[in-house]
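The block underneath contains the structure these notes are about, expressed in structure tokens.
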Amino acid sequence: MNRRVEANHALETAAAYANRLKLPLLVYEGLTCSYPYASDRFHTFLLEGVPETARRLARRGAGYVFHLRRRLADPDRALYSLAEHAALVVTDDYPTFITRRHNARVPAKIGIPYLAVDSSCVVPMRLFEKKEYGAYTLRPKLHRILAQHLHPVETVPLRVEWTGSTSPLHTEVTESNLATLVAECEIDHSVKPSISYRGGRLAAEAQLRHFLANKLRCYAEDRNEPAAHATSNLSPWLHFGHISSLEVALAAQLAAAENGFGAAEFLEELIVRRELAFNHALHATDAEALSNIPNWAQETLRKHDTDRRDPVYTREEFEHAETHDALWNVCQKELLLRGKIHGYYRMYWGKKTIEWSATHQDALSTMIYLHDRYALDGRDPNTYTNILWCFGLHDRPWQERPIFGMTRFMSLEGMKRKTGVDAYLREIAHLEVAGKDPFAL
Ligand SMILES: Cc1cc2nc3c(=O)[nH]c(=O)nc-3n(C[C@H](O)[C@H](O)[C@H](O)COP(=O)(O)OP(=O)(O)OC[C@H]3O[C@@H](n4cnc5c(N)ncnc54)[C@H](O)[C@@H]3O)c2cc1C
């Protein structure tokens, strides 16, 4: 999950073990065609990261195998073949999607130690042994120990350089062969790459620099105004691990201190809210199920599950942005074109999907499907936790009303009152026509 050479606790753990065992370090990065929703969008973003990872690992003296499994009929044994020649495997501890299942399955199949390290959170998620009720219970616990963890990851120099020959499992990825490689893979070619976000470390660093220089100062005030473009847009790179939340937090703190403004609101989202999502995903048996929402929310939704909906849309109508509501449709189009939705409108998108789905379970399935298939930052602990937030997870009861019961409601009038809806409609209409994003870096 954490596909980067910098600020990576798993990589540094592997380096320390390699030194202790007087062995070289080989980094294996795999990309298969068989994972659910594999598409041109995700493959392109991931492959865009590979050449820079290769350069940086070579500079550190580590070996690198990037294995692209193009077709379902191709062998799926790269990790096992490499592990046959290894003393130890270090990987990511990650609580959702295929990585969780992988980590549960692989250790029994290889006869060597298998260590899963948390390189995703600032404060390791396993330090919080219970499922938290909400940000209000996690925040004080997290802040109590944050200073111990909020410091740069030390780079461990490798004592034994990798001198092995290139593995037959390795696929060379370059700027010029990338599109051909994607085309050769047996994946969903109908989901096109994002028109806004390019994968990889260099793009992540550029995005962070842009945010720190131009946006962080107005984040607290403008983050809920999509037309202000005041948020970091870092979630795709955070999801694929091209950049770490730890690096981003340290850089934001420094920029804020140097320029005399605050970063507290940004750090609240980046650390407290994000790590609350990891806490949920880690401790839930099925992080995507409605059974995870608090009892009051389950009861109130049960009472209102058969309430009459008007209109009711099918998954296909939602997917093709064919509702009566222009704001909902452009949120969906932003997902289709950019691969993410602005955070504030994403809440509206979720709430209205509940209002116009036949049942609560249908609404949940639609939201998960659309995120899994189209969101560059999807399939993440943040995905499932925030979708369940729309059903009351980590929230409190509000005034009772049809369909929603006592879970929070959001209205179009509220959005129009608080945000520049028209500006957003124009922006996304332009994206659709131009096929290019004027806000892309
Ligand atoms: C229905 C719904 C679905 C969502 N699905 C996803 C998803 O698939 N992936 C995803 O990363 N986020 C998701 N979110 C949370 C949030 O909308 C995004 O993290 C945010 O919009 C990402 O944009 P940004 O990087 O510009 O955020 P910024 O505002 O710049 O925040 C910086 C980082 O903090 C974290 N963050 C921000 N808001 C939240 C939040 N509410 N909860 C947890 N972490 C947060 C993210 O890692 C984000 O990149 C979802 C929210 C809702 C309501």
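Using the Karplus equation 6.51 cos²θ - 1.76 cosθ + 1.60 (θ = phi - 60°), what ³J(HN,Hα) coupling, rounded to whole Hz, does each residue of region 291-306 give in order, writing x for Gly and Pro?
Computed from phi, the couplings for region 291-306 are 5, 7, 6, x, 4, 4, 6, 4, 5, 5, 6, 4, 4, 10, 5, 9 Hz.
May I ask for the net charge around A227, where only other residues with Cβ less than 10 Å from the Cβ of A227 are counted and Lys, Arg are +1 while Asp, Glu are -1?
My count for the surroundings of A227 gives -3.
Taking the mean number of other Cβ atoms within 10 Å as a proxy for protection, how do you rank 52-62, 232-242, 192-202 from highest to lowest?
232-242, 192-202, 52-62
Heavy-atom accessible area per residue, region 285-432, 1.4 Å probe: how many Å²?
41 Å²
Using θ = phi - 60° and the Karplus curve 6.51 cos²θ - 1.76 cosθ + 1.60, what whole-Hz ³J(HN,Hα) does each residue of region 369-379 get, with Gly and Pro shown as x?
4, 5, 6, 4, 7, 10, 7, 5, 9, x, 6
Using modelled backbone amide H atoms (1.01 Å from N, in-plane), which distant-in-sequence or interchain residues come within less than 5 Å of A116's amide H?
T91
Rounded to the nearest 500, what is the 222 nm mean residue ellipticity of the chain from helices alone, with -39500 (n - 2.57) per DSSP H run of 4+ residues and division by all residues? It would help to have the intermediate numbers written out before the result.
Values: 21 runs with 209 residues, N = 441.
Helices in the chain give a 222 nm mean residue ellipticity of -14000 deg cm²/dmol.
Can you pull the three principal axis extents for the Cα set of region 56-150, in Å, largest first?
Taking max minus min along each principal axis of the Cα atoms, region 56-150 gives 48, 32, 27 Å.
Give the carbon-plus-sulfur fraction of the accessible surface of the chain in %, rounded to a whole number; probe 1.4 Å, heavy atoms of protein chains only.
Values: 10550 of 20040 Å².
Answer for the chain is 53 percent, counting heavy atoms of protein chains only.
Of H283, H304, H43, which has the most accessible area with a 1.4 Å probe, and how do the rest follow in descending order?
Ranking H283, H304, H43 by accessible area, largest first, yields H283, H304, H43.
Which trypsin sites (Lys or Arg not before Pro) in region 108-176 sit in a loop by DSSP (not H, G, I, E or B) and have at most 10 other Cβ atoms within 10 Å of their own Cβ? Please list the in-between numbers first.
On the way: sites: K109, R126, K130, K131, K141, R144, R159; in loops: K130, K131, R159.
The qualifying sites are K130.
Around F404, what is the net charge, scoring Lys/Arg as +1 and Asp/Glu as -1 over all other residues with Cβ under 14 Å from its Cβ?
+3
Note down, for region 16-104, the three equivalent ellipsoid semi-axes (square root of 5 times each alpha carbon gyration tensor eigenvalue), biggest first, whole angstrom.
Each semi-axis is the square root of five times an eigenvalue, giving 24, 17, 13 Å.
Over the Cα atoms, compute the radius of gyration (one decimal) and Dmax (the largest Cα-Cα distance, rounded to a whole number) for region 310-441, in Å.
Cα radius of gyration and Dmax of region 310-441 are 14.4, 44 Å respectively.
For q = 0.09, 0.10 Å⁻¹, what log10 I(q)/I(0) does the chain give under the Debye formula with an equal point scatterer on each alpha carbon and no solvent?
Per q value, in the given order, log10 I(q)/I(0) is -0.60, -0.74.
If the cut-off is 26 Å between C-alpha atoms, which lysines fall inside it for K130, apart from same-chain ones fewer than 8 positions away?
K141
Aspartates and glutamates near K131 by alpha-carbon distance under 18 Å, same-chain residues fewer than 8 away left out - which ones?
Cross-link targets: D93, D118, E275, D286, E288, D380, D395.
Once Rh is set to the Kirkwood radius over Cα pairs, what Stokes-Einstein translational diffusion coefficient, in µm²/s, holds for region 118-194 at a temperature of 25 °C and a viscosity of 0.890 mPa s?
135 µm²/s
Amide H neighbours of G63 under 5 Å, counting only residues 5+ apart in sequence or on other chains, H built in-plane at 1.01 Å?
Answer set, sorted by chain and number: L25, L26, V27, W162.
Accessible area per residue, 1.4 Å probe, Å², for region 1-119: what's the number?
About 43 Å² of surface per residue is accessible.
Cα convex hull of region 113-250: how many Å³ per residue? Don't jump to the answer; show the numbers that get you there.
Details: hull volume 33.4 nm³, N = 138.
Enclosed volume per residue, from the Cα hull, is 242 Å³.
Could you go through region 52-69 in sequence order and give the Karplus-derived ³J(HN,Hα) for each residue, using 6.51 cos²θ - 1.76 cosθ + 1.60 with θ = phi - 60°, rounded to whole Hz, and x for Gly and Pro?
6, 4, 4, 4, 6, 5, 4, 4, 8, x, 9, x, 8, 10, 9, 10, 9, 8
Starting from 0.36 nm per residue, how many nanometres of slack lie between A213 and K303 once their C-alpha separation is accounted for? Could you put the intermediate results ahead of the total?
Details: separation 90, 0.36 × 90 = 32.40 nm, distance 4.92 nm.
Result for the pair: 27.5 nm of gain on full extension.
What does the accessible area of Y219 come to, in Å² to the nearest 10, when a probe of 1.4 Å is used?
Around 20 Å² of this residue is reachable by solvent.
Report the Cα centroid-to-centroid distance between region 231-264 and region 149-215 in angstrom, as an integer.
19 Å
Going highest first, how would you order 296-302, 1-7 by mean Cβ packing within 10 Å?
Top to bottom by mean Cβ count within 10 Å: 1-7, 296-302.
What pairs from K303/K418; K352/K436; K303/K351; K215/K418 go past 23 Å between their alpha carbons?
Beyond 23 Å: K303/K418; K352/K436.
The values are calculated or read from the model by the stated rules, or taken from the named source; none is laboratory data. The structure presented is a predicted model; accordingly, all values stated were derived computationally and were not measured. Heads up, the Cβs are rebuilt from the backbone with ideal geometry, glycines too, and the neighbour counts pull from every protein chain shown. What goes into the accessible areas is simple: the full protein's heavy atoms, side chains included, and nothing from ligands, DNA or RNA. Shrake-Rupley method; radii C 1.70, N 1.55, O 1.52, S 1.80 Å.
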